[in-house]
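Scroll down for the structure; my scribbles are underneath it.
The values are calculated or read from the model by the stated rules, or taken from the named source; none is laboratory data. All values derive from a computational prediction rather than experimental measurement. Please note: Cβ atoms are built from the backbone with ideal geometry, for glycine as well, and neighbour counts cover all protein chains shown. Ligands, DNA and RNA are stripped out before the accessible areas are found, and what is left, the full protein with its side chains, is counted by its heavy atoms. Shrake-Rupley method; radii C 1.70, N 1.55, O 1.52, S 1.80 Å.
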Amino acid sequence: MLSEEYLKAERSASWREELRKTIKTKDRIQLTRVVMSSVDPKVRSRNYQEVNMGLTAEQAVAEARRCLDCVNPTCITGCPVEINIPKFIKNIERGEFLEAAKTLKETSALPAVCGRVCPQEHQCEKQCFYVQKLNKPSVAIGHLERFAADYERESKNIAIPEIEIANGIKVAVIGSGPAGLSFAGDMAKKGFDVTVYEALHELGGVLRYGIPEFRLPNNIVKIEIEVLAKMGVKFMTNCIIGKTISHEDLLEMGFKGIFVGSGAGLPHFMHIPGENLNGVMSCNEYLTRVNLMDAANPESETPVWRGKNVAVIGGGNTAMDAVRTALRLGAEKAMIVYRRSEEEMPARLEEVHHAKEEGIEFFNLHNPLKYEGDEKGCVKRMLLQRMELGEPDSSGRRRPSPIEGDTVWMDVDQVIVSVGVSPNPLIPSTFKGLEITKWGTIVVNCDTMQSAQHEVYAGGDIVRGGATVILAMGDGRKAAKGMSEALLAK
Amino acid sequence: MNKIVGKEYLSEKIVKLEVEAPLIAKSRRAGHFVIVRIGEKGERIPYTIASSDIEKGTITLVIQLVGKSSQKICELQVGDYITDLVGPLGNATHIEKYGTVVCAGGGVGIAPMLPIIEAMSKAGNKVIAVLAARTKELVILEDQVREFANEVIVTTDDGSYGEKGLITDGVEKIIKREKVDLCVTIGPAVMMKFVALLTEKYKVPTMASLNTIMVDGTGMCGACRVTVAGETKFVCVDGPEFDAHKVDFDEMMIRLKAYK
């Protein structure tokens, strides 16, 4: 937790006191929230250009003026990595954009990523004074975060966070996704000797193979990882812990602590007839081919299915990513098939909105029952069950149930199944001493992220089973605090 | 980056590569595979490890030239590097003393069979190898197989070497002659299908090692899924070996054509 004294001391810095006086609170709250521009849906749905265009400096400063620099900044409580939000926003207001970026990096290893993919509307922005007390749109914290991080990167003046004197203690990180990178960044700052092991040939985990270029350009992930490398973090790709190197090998190599951030990589299928027809695939397969293997590029040797009538099953962010990718790969009709209604959709509102703008069709309250193929074994149509909503279930969402006898056939030549993922079983099945739940997640102490095996800590989807980038990063930070305290106490 | 330290043509279109990979050489067991990628635009292709040398820190891959990606690998020379190599992947072959084990390898499937023959033999089994190919020059690694197998039967489709006939002819001859406790088969899907049909008839337990389309090879994509005993399995993490009598080979053959 950020201490109250620290926040107070920062807030009473003379520049902030003066800045607060420049505009009266009653005038600040009259300002309207900025709208980030996006590329014309007709244009962007046929290319891979990033959809959101970011804020201009003028827009950012104007938006930063709305922030009241509250005595009690509740927004920070909504941030899993506890960014000092008022400090970075006030730096933007006074035009110190590089200082704003530095503030982000005090606690976040990946600010340009978070500024793009965090569900801020459910986190920091939800806790903003404007929402809590004024019933007005929150300060656009996410947009401002992105602005500061982008400004720094484009200025080529990228600050490397300060590093404590090396303590010579070796720690290993399994997986280079958001949990692992966040952990690695914090441990490097604390002076540890950090090595990150990645199973794939590129770094970034889900940021690289999962989230498409039009939402999170690869180059942004790459540059944020380069900062970690400059902080002394070592990276080893093509290395699968539990296969290439065992748990015991790591201990023999002198690693005193191991952080497991191996994610939830195992895709779910629905186990309905016809699911193994050609043209039916997991969202992981589809997105990995396009994002990691660059399959949409004619020069890439990796092929990808390019359907004309593409159905994506599911209503999460990954489903939106897949269906919008299908459009960009030339689909004439790209649709979401979701068993509940739009209200229950787990995808971010912004993603659903963007998808609609681009012409994605939504078949909500529909659930596939089976697929049929042609003589070559390729999917050609699917039978959908129409659904209705009943009472709320354990997730608090209204439970969908089939409307007896109400089914409809739909022609499709590609189906992408995006109905959830499970933790990757590699670490749970090869590491000794871990406690594993029936869902395959690793049990940890939720304050320190330490597992039942004392030197092993874990965080992100391997613990949560399928959550967000920022929650994974929050876990990485917590684990870094827990592990460093334990190791330095020895 | 992994350096190629040895290259040998086993036939006109089958290349044996010895590649530096000390960590994999140490941790791999019979039945494991690796994923290989050549060049920044290359695709990820699975290959079973044929053998390894822990002291030299190398593994051996046997690659048949069938398409663009395998051609790129086959064109590499000693001293060149493989861009990406990751493994060992999959589950190792379950090795124990069964009694008499028939190892039926077809074509380039003889290469991944080699470490299984060796391990089965070292576990005290009587190993009878059936090596099958279209024609004489495609029968590979016969000498290495003879080192560990108690008996080797070679069949060729055209009769140019060994006995004229299919792999199933060789396997059936043994089953009719003596009690077989286990059959292991590796080769083209259609070949494994017919071996499985034959051994099922004679109630000989049979394992097939499947080679399907994969992307990551670690359970992430599901491109490799097959139906075994009515359930969907991932070859990369649940296999690559399965009870051959329960594998839906017809579905597997269709899925292998997904990108053709």
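Going through the range A:319-349 one residue at a time, which ones are modelled with pLDDT under 95, outside any loop (DSSP other than H, G, I, E, B) and touching a helix residue (DSSP H, G or I) at 6+ places or on another chain (Cβ under 8 Å)?
A:Glu342, A:Leu349
Check the range A:256-272 and report whether any residue there is part of a strand (DSSP E or B), more than 14 Å from chain B (Cβ to nearest Cβ) and surrounded by fewer than 21 Cβ atoms within 10 Å (Cβ to Cβ).
yes
Any chance you could count how many residues in the range B:116-152 are touching a helix residue (DSSP H, G or I) at 6+ places or on another chain (Cβ under 7 Å) and not in a helix (DSSP H, G or I)?
So the answer is 11.
Out of (1) in contact with a Cys (Cβ under 6 Å, 6 or more places away or on another chain); (2) more than 14 Å from chain A (Cβ to nearest Cβ), the odd one out for B:Phe194 is which?
(1)
Contact list please: Cβ distance under 6 Å, first residue in the range B:190-206 and open to solvent by 50 Å² or more (accessible area, probe 1.4 Å), second residue of a type in the set (D, E, K, R), pairs at least six apart or on different chains.
none
Suppose the filter is of a type in the set (Lys, Arg) and surrounded by fewer than 17 Cβ atoms within 10 Å (Cβ to Cβ); does A:Lys478 pass it?
no
Scanning the range A:289-322 for residues that are of a type in the set (Gly, Ala, Ser) and more than 25 Å from the chain's Cα centre (by Cα), which turns out farthest from the other protein chains (Cβ to nearest Cβ)?
Looking at the filtered set, the residue picked out is A:Gly307.
Confirm whether B:Val15 is more than 9 Å from chain A (Cβ to nearest Cβ), in contact with a Cys (Cβ under 9 Å, 6 or more places away or on another chain) and in contact (Cβ under 8 Å) with a residue 40 or more places away in the chain.
Here the answer is yes, as B:Val15 does meet what is asked.
Among (1) open to solvent by 10 Å² or more (accessible area, probe 1.4 Å); (2) more than 19 Å from B:Gly42 (Cα to Cα); (3) hydroxyl-bearing (Ser, Thr, Tyr), which single condition is A:Ser300 missing?
Going through (1) open to solvent by 10 Å² or more (accessible area, probe 1.4 Å); (2) more than 19 Å from B:Gly42 (Cα to Cα); (3) hydroxyl-bearing (Ser, Thr, Tyr) one by one, A:Ser300 breaks only (2).
Which one of B:Lys56, B:Lys26 is charged (D, E, K, R) and either crowded, with 21+ Cβ neighbours inside 10 Å or not in a loop (DSSP other than H, G, I, E, B) (or both)?
B:Lys26
Could you please tell me which pairs satisfy a Cβ distance under 6 Å, a separation of 6+ or placement on different chains, a first residue in the range B:219-246 that is at the interface with chain A (Cβ under 10 Å from one of its Cβ atoms), and a second residue that is open to solvent by 50 Å² or more (accessible area, probe 1.4 Å) and at pLDDT 95 or above?
Listed by first residue and then by second, the contacts come to B:Val226/B:Lys233; B:Thr227/B:Asp248.
Restricting to the range B:61-90, name every residue that is open to solvent by 40 Å² or more (accessible area, probe 1.4 Å) and touching a helix residue (DSSP H, G or I) at 6+ places or on another chain (Cβ under 8 Å).
Once the filter is applied, which keeps residues that are open to solvent by 40 Å² or more (accessible area, probe 1.4 Å) and touching a helix residue (DSSP H, G or I) at 6+ places or on another chain (Cβ under 8 Å), the range B:61-90 yields B:Gln64, B:Leu65.
Within the range A:236-255, does at least one residue satisfy the condition of being more than 7 Å from chain B (Cβ to nearest Cβ), open to solvent by 40 Å² or more (accessible area, probe 1.4 Å), in a loop (DSSP other than H, G, I, E, B) and under 30 Å from A:Ile163 (Cα atoms)?
Within the range A:236-255, one or more residues are more than 7 Å from chain B (Cβ to nearest Cβ), open to solvent by 40 Å² or more (accessible area, probe 1.4 Å), in a loop (DSSP other than H, G, I, E, B) and under 30 Å from A:Ile163 (Cα atoms).
So A:Tyr286 passes all but one of these: (1) touching a helix residue (DSSP H, G or I) at 6+ places or on another chain (Cβ under 7 Å); (2) within 12 Å of chain B (Cβ to nearest Cβ); (3) in a loop (DSSP other than H, G, I, E, B). Which condition number does it fail?
Exception for A:Tyr286: condition (3).
Quick one: would you say A:Arg348 is under 22 Å from the mean Cα position of the chain (by Cα) and more than 14 Å from chain B (Cβ to nearest Cβ)?
yes
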